[in-house]
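Below is one structure, written out as structure tokens, with a few remarks after it.
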Amino acid sequence: MIGILDYGMGNLRSVQKALEHIGERAVISGERAVLDGCEKLILPGVGSFAAGMAEMERSGLSSYVKERAEDAKILGICLGMQFLLQKSYEDGETAGLGFVEGSAVRFTEGKIPQIGWNAVASLKTPLFAGIDEGTCFYFVHSYRADCPERFAAAKTEYYCTYPSAVYAGNVFGVQFHPEKSGEAGLKLLKNFCRM
């Protein structure tokens, strides 16, 4: 069973439907008792970092994610990936979960937000097994990860080269939306579920 963390924000049902499409059982919940029975966790997210982290703290899911990361694989998607960083500068400076050294910073060039398909390259980790360099995924974001090279699981070019996927221990994050990225996105979700 895959647990999709419900903290009141995010495209929860579309992630669940994508998992069901690849034959995985997935439950949407913010309750520890339910999530404890899940082998892996997905932290989705759409919206602002500050509001999202406030809800994570209020619900107790921020501390829960930190506990579970010791023994379970966790995947952050879009805003959920940014939560994995130490902090964000969206709506002021806000602390994140701190798994990945670095911060979420706003793009300074180009049309903001970046919306649409873009290529990922410099692929690392089993998350990208069987996915070709330069494969395109669907992005919607105004802020990007700024972190040391050792945490970058993939990179994307949008007026600068930035980490579009990150990892640290049992924790993985992707800035793009695999649930909206066709076959490549489904392949990535399948890779995560089989880790």
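Of everything in the range 144-195 that is aromatic (Phe, Trp, Tyr) and either part of a loop (DSSP other than H, G, I, E, B) or touching a residue at least 24 places away in the same chain (Cβ under 8 Å) (or both), the residue that is nearest to Phe49 (Cα to Cα) is Phe176. Please specify each residue of the range 74-94 satisfying the condition of being in contact (Cβ under 8 Å) with a residue 24 or more places away in the chain and either surrounded by fewer than 13 Cβ atoms within 10 Å (Cβ to Cβ) or not in a strand (DSSP E or B) (or both). Listed by number, the residues that qualify are Cys78, Leu79, Gly80, Met81, Gln82, Phe83, Leu84, Tyr89, Glu90, Asp91, Gly92. Pick from the range 113-143 the residues that are among the β-branched types (Val, Ile, Thr) and assigned to a strand (DSSP E or B): which of them is farthest from Gly80 (Cα to Cα)? Looking at residues that are among the β-branched types (Val, Ile, Thr) and assigned to a strand (DSSP E or B), I get Ile115.
Scanning the range 20-34 for residues that are out of contact with any helix residue (DSSP H, G or I) (no Cβ under 7 Å at 6 or more places or on another chain) and surrounded by 16 or more Cβ atoms within 10 Å (Cβ to Cβ) yields a count of 0.
Each residue in the range 1-19 was checked for being part of a helix (DSSP H, G or I), of a type outside the set (Gly, Ala, Ser) and surrounded by 19 or more Cβ atoms within 10 Å (Cβ to Cβ), and 4 pass. Listed by first and then second residue, the pairs with beta-carbon distance under 6 Å, at least 6 apart or on different chains, first residue in the range 20-49 and part of a strand (DSSP E or B) and of a type in the set (S, T, N, Q), second buried (at least 17 other Cβ atoms within 10 Å of the Cβ) and modelled with pLDDT of 95 or more, are Ser29/Asp6; Ser29/Leu35.
The values are calculated or read from the model by the stated rules, or taken from the named source; none is laboratory data. Note that this is a predicted model, so its numbers are computed, not measured. Methodologically, a virtual Cβ is constructed for each residue, glycine included, from the backbone with ideal geometry; neighbour enumeration extends over all protein chains shown.
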